[in-house]
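The values are calculated or read from the model by the stated rules, or taken from the named source; none is laboratory data. Predicted model only: the values in this text are computed from it and were never measured. Don't worry about glycine lacking a Cβ; one is built from the backbone with ideal geometry, like all the others, and counts go over all protein chains shown.
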Amino acid sequence: MSIVEQVEWPRASRPGELADRSAQVLPDVLSIDVSVVVPVYNEEAGLHQLFARLYPSLDAIAASRGIRYEIIFVNDGSRDRSAAILSDQFRLRPDVTRVVLFNANYGQHAAIMAGFERVRGQCIVTLDADLQNPPEEIVKLIDAMRAGHDYVGTIRQARKDSAWRKAASRAMNRIRERITHITMTDQGCMLRAYDRRIVETINQCREINTFIPALAYTFANNPVEIEVTHAERAAGESKYSLYALIRLNFDLVTGFSVVPLQAFSLFGAILSVASAVLVVWLALRRIFVGPEAEGLFTLFGIAFFLIGVTLLGIGLLGEYIGRIYEEVRGRPRWIVQGVLERDVDTKTVG
């Protein structure tokens, strides 16, 4: 078994361009136009349905657009039979299938980043394995990239998620846009397309926690958003709990802006001035009115409020310090147990 050889892949002549290389004499690994990265975590129940729709869709695109593609599945430490099913699929379609196997669960974005490090195409598409974003929509992203865009975001039409999830998503979108000034209509949709130049730039960022769509948006020269359909989950249940969604947005806000720290500093300054005014006012009342025992609970309320604000600030500061701590430890972001691809099997760390 050998380590994957690092090759300098040719770039398109302009961002988003997918050239038809069918007439060029190039090795197979150098003639990939589209790479599809699919993170997989405990998706045993729906993988066969995904295969039944993804491969025919990409085969049809390849025939109609004259392009070549590859699919990179990244098994994110699944505890079910997902890894075995992906291995079987690799044996069925080794010409276009590659499988990266993590030794543990590192999260969706880590899985996508590991896929990004191994893509060969000029256009890279990310797709969730749950079929909520139909694989048949990939052609829209490829056409947008061929039109000259270097980053294609998506907006889900008629979302099939629960009401609380839609409301939470809208609220997080508004907060994120105000704080980071990154404009994404639908930040939760992972069906997106990236030019290779952007993916290579993302790969140079060694952050432990990041939000790939936002990172790509900051590097894009000609981004665009398009509408795509949305469906019910084919099988299984969402891997994003309420806590995971909140955690993701904390990473997004603290990873792309220091506005929360600045806002808290301003709020602290205002509270300090207000507290000073209150102390002067209470001192004057004691001088001219005398002791007032009935104001004790008011002071308790004010004290508890200020303690709460202080704890909030400590927690916010801890978020930023925690990110620094994770970075300076220098630990691998993930460990790849193995890679299934034609003639190559690897064991590396990321």
Look at Thr180 and say whether it is of a type outside the set (A, V, I, L, M), buried (at least 17 other Cβ atoms within 10 Å of the Cβ), more than 15 Å from the chain's Cα centre (by Cα) and at pLDDT below 95.
yes
Whichever residue in the range 203-225 is of a type in the set (Ser, Thr, Tyr) and part of a helix (DSSP H, G or I) and, among such residues, is nearest to Ala147 (Cα to Cα)
Tyr217
Residues that are surrounded by fewer than 22 Cβ atoms within 10 Å (Cβ to Cβ) and assigned to a helix (DSSP H, G or I), drawn from the range 114-136:
Glu136
Number of the exception - Asp95 against (1) at pLDDT 95 or above; (2) surrounded by fewer than 18 Cβ atoms within 10 Å (Cβ to Cβ):
(1)
Among the residues of the range 26-35, is there at least one that is farther than 11 Å from Gln122 by Cβ, modelled with pLDDT of 95 or more and not in a loop (DSSP other than H, G, I, E, B)?
no
Which ones in the range 77-113 are in contact with a strand residue (DSSP E or B) (Cβ under 9 Å, 6 or more places away or on another chain), of a type in the set (Gly, Ala, Ser) and part of a helix (DSSP H, G or I)?
Ser82, Ala83, Ser87, Ala110, Ala111
